[in-house]
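Below is one structure, written out as structure tokens, with a few remarks after it.
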Ligand code: AP5
């Protein structure tokens, strides 16, 4: 199955994508994770992407489209994949259509206030990327990753100014994709503002 997960920053796409892709045994392709790894490795893509990401802006379409083209060509995508964070603009959606068919587009719907609260409280492990939330998913020891003992940090783009910018960019660039996929009769909307367990239950029903 080829799935796109859409939703505001902080809607819970990454959290749910991890569970869903394990269940379906397909790769979880998170463009945000790929870009953060490129930044850490100081690759040419990472060096270009960093200034956009830190400010809450989108990385240019041509870079993102090439990245996805390469990624979904790989063998592990033959039986399907889940895209988390792509497409994010109309040109990206149109380019994707030329590269692959899509079976389902799921939007996790949350209010702005929920997204802001989740992103402001998110903590990410510097070493293994595991994600926590100071209220909803706190680590056992403050500031330390349960999984690997790494340091928990606040992502540069989880600072207030960048969060507000990301929400604005979503409204301008990504929201039009909802109508686009609705017209193609691929869209399902799920209330992402509930607990993690309630959301995954509905997600699993929607893909069966
Ligand atoms: P990316 O990493 O994709 O960021 P995002 O879309 O803004 O999404 P987030 O990871 O912030 O949120 P999420 O919805 O995955 O929520 P999560 O599960 O983490 O992209 C980062 C940047 O890269 C972009 O801003 C852009 O610059 C660039 N980029 C990436 N793709 C691009 C593209 N295609 N084109 C151009 N640029 C691109 O959850 C958030 C928090 O909430 C966590 O702490 C979690 O524990 C908590 N939480 C999750 N679910 C629940 C729940 N149900 N109840 C309570 N807490 C919850």
(request) Round to a whole angstrom and tell me the spacing of the C-alpha centers of segment 167-208 and segment 70-137. (result) 11
(message) For Cα pairs less than 8 Å apart in space and 6+ apart in sequence, what is the mean separation divided by the residue count of the chain, i.e. the relative contact order in percent?
(response) 30
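Rank these for me by crowding, 169, 199, going from fewest to most other beta carbons within 10 Å.
Arranged by neighbour count, lowest to highest, 169, 199 become 169, 199.
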(request) Looking at the chain, send over the antiparallel percent of its DSSP beta bridges, to the nearest 5. (result) 30
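If we count other beta carbons within 10 Å of each Cβ, what is the order of 43, 89, 188, fewest first?
43, 188, 89
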(request) Per DSSP H run of n ≥ 4, the term is -39500 (n - 2.57); total these for the chain, divide by its residue number, and report the mean residue ellipticity at 222 nm rounded to 500 deg cm²/dmol. (result) -13500 deg cm²/dmol
(message) Taking the beta-carbon count within 10 Å as an exposure proxy, list 116, 153 from fewest neighbours to most.
(response) 153, 116
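None of the figures in this text is laboratory data; all of them are computed from the coordinates on show. Nothing here was measured: the structure is a model prediction, and the numbers come from that model. Virtual Cβ from ideal backbone geometry, glycine too; neighbours counted across all protein chains shown.
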